[in-house]
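This report refers to the structure that appears directly beneath it.
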Amino acid sequence: MALALTEEQQLLRDTATQFFQERVPIANLRKLRDTNDPAGFDRDVWKEMSNLGFAGILISEKYGGSDFGPVGLGLVLEQAGRTLAASPLISTVLLCGSAVQLAGSATQRQEILSAIAAGELIMALALEEGPHHNPAHIATRAVGEGSSFRISGRKTFVLDGHVADRLIVAARTSGNVNDKSGVTLFLVDPKAQGVKVTRTHMVDSRNAANVELDNVIVRADSVLGSVDGGNDVLEQVLDIARIGLSAEMLGLVQAVFDQTLDYLKERKQFGVTIGSFQALKHRAAVMFSEIELCRSVVLDGLSALEARRNDVPQAASLAKARLSDTARLVTNEGLQMHGGMGMTDQFDIGLYMKRARVAAATFGDANFHRDRYATLEGF
């Protein structure tokens, strides 16, 4: 694994850094939160991101993308994490765009991927059905009726579900709840009869929704991939998303560390800066070391995706577990080192802590991935 970036990757990172700092600073998230923005993200900014090619990084040039690869998107997500930028990158590009590329027909790819790359289509994956990540637990049913299917069920924690132009719904077409087979992916219009989408407000001020499907009829050509073949696609898509989200969390923890370090150099007690206290130096050193380890596992995960290595599942679980633990450590330490001031909304540290908690639970927390890693390795 090469730990050094190529010249093109460095240029992309620099472009993303400048863009997010100037166009989507953390003040943007505060504005969206305080005004209870109906979309939850700035559509004009999303269009600018698409024009810069961010939405098409994973998409082939054939469909209007740049096909820059997972490492490129990871660099963009890392910079987005530094400013807590709210955008459909995870829901539309990482999750749904990857699903369409892996399983879509030629017609579906042409129609959907081109629209994603142009920033004209927002999509959401309707997968979860309980309070904790469990991709095998799918009770939503799809019953075949001639040349169509009738879908009924309820989905929770659908990222960007309330603004999605198209949903990808995981429904069971055979077997029983918790079976690791018998799941099919369907493209569903959220405005179709029988679909009810309810926005939920999460603690990190990001977007999610609950989706109810009551005898929703979809045509057979709405199947993404093959009937009963959705599980294999989902596992690949979720690993892509886990590594991508870990990249965003890397940017988050780095931003918290940088802000905490600045505070240690400014805040004075007993006539000296608190950063001169040995105990705080030791705690900062631990944070620094953990973040450097995170940087390595994230880059390894992105490289595994790019090289299509056989150990992508292990790399994804390693990255997600490590980043979830480190995000908790760093945000806790950052808040404590800020003292009582860190608890106020005046400081950004609390916003990072809230985002860290939600991101840690998304696509499986550290315990989920430690167990998964052990299973994959045969422990």
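Every residue, every condition in (1) at pLDDT 95 or above; (2) in contact with a strand residue (DSSP E or B) (Cβ under 9 Å, 6 or more places away or on another chain); (3) open to solvent by 60 Å² or more (accessible area, probe 1.4 Å), yes or no:
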position: Arg172; (1), (2), (3): yes, yes, no
position: Val188; (1), (2), (3): yes, yes, no
position: Glu212; (1), (2), (3): yes, yes, yes
position: Gly225; (1), (2), (3): yes, yes, no
position: Asn231; (1), (2), (3): yes, yes, no
position: Ala255; (1), (2), (3): yes, no, no
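Look at region 364-379: where a residue is within 22 Å of Glu128 (Cα to Cα) and open to solvent by 80 Å² or more (accessible area, probe 1.4 Å) and a partner is in a helix (DSSP H, G or I) and modelled with pLDDT of 95 or more, sitting 6+ places away or on another chain with Cβ atoms under 7 Å, you get Arg370/Ala321.
Conditions (1) assigned to a helix (DSSP H, G or I); (2) over 20 Å from the mean Cα position of the chain (by Cα); (3) not basic (Lys, Arg), marked per residue:
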| position | (1), (2), (3) |
| --- | --- |
| Pro38 | no, yes, yes |
| Val45 | yes, no, yes |
| Ser50 | yes, no, yes |
| Ala80 | yes, no, yes |
| Ser87 | no, no, yes |
| Ser91 | yes, no, yes |
| Ala136 | no, no, yes |
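Of the residues making up region 278-296, at least one is farther than 25 Å from Gly104 by Cβ and in contact (Cβ under 8 Å) with a residue 60 or more places away in the chain.
Taking the conditions exactly as written (farther than 30 Å from Asp14 by Cα, out of contact with any Leu (no Cβ under 6 Å at 6 or more places or on another chain) and either part of a loop (DSSP other than H, G, I, E, B) or among the aromatic types (Phe, Trp, Tyr) (or both)), does Phe149 satisfy them or not? In short, yes. Filtering region 149-196 to residues that are in contact (Cβ under 8 Å) with a residue 60 or more places away in the chain, over 19 Å from Leu113 (Cα atoms) and of a type in the set (Gly, Ala, Ser) leaves Ser152, Gly153, Ala170. If only residues of region 72-96 that are of a type in the set (Val, Ile, Thr) and open to solvent by less than 10 Å² (accessible area, probe 1.4 Å) are counted, the one that is nearest to Phe347 (Cα to Cα) is Val76.
When the residues of region 288-309 are filtered to those that are more than 16 Å from Ala321 (Cα to Cα) and not polar (S, T, N, Q), the one that is surrounded by the fewest Cβ atoms within 10 Å (Cβ to Cβ) is Arg308. Could you check, for region 297-307, whether at least one of its residues is of a type outside the set (Asp, Glu) and farther than 16 Å from Gly74 by Cα? The answer is no, given that none of the residues of region 297-307 is of a type outside the set (Asp, Glu) and farther than 16 Å from Gly74 by Cα.
Between Ser114, Ser98, the distinction of being under 25 Å from Ala304 (Cα atoms) and either part of a helix (DSSP H, G or I) or in contact with a Ser or Thr (Cβ under 9 Å, 6 or more places away or on another chain) (or both) belongs to Ser98 only. For region 54-71, filtered to residues that are in contact (Cβ under 8 Å) with a residue 40 or more places away in the chain and at positive phi, the residue that is most open to solvent (accessible area, probe 1.4 Å) is Gly64. In a residue-by-residue description of region 97-114, the property of being open to solvent by 10 Å² or more (accessible area, probe 1.4 Å) and within 30 Å of Ala27 (Cβ to Cβ) applies to no position.
The values are calculated or read from the model by the stated rules, or taken from the named source; none is laboratory data. Since this is a predicted model, take the numbers as computed values, not measurements. For neighbour counting, all protein chains shown are included, and Cβ atoms are generated from backbone atoms with ideal geometry for every residue, glycine included. Heavy atoms of the whole protein, side chains included, go into the accessibility calculation; ligands, DNA and RNA do not. Shrake-Rupley method; radii C 1.70, N 1.55, O 1.52, S 1.80 Å.
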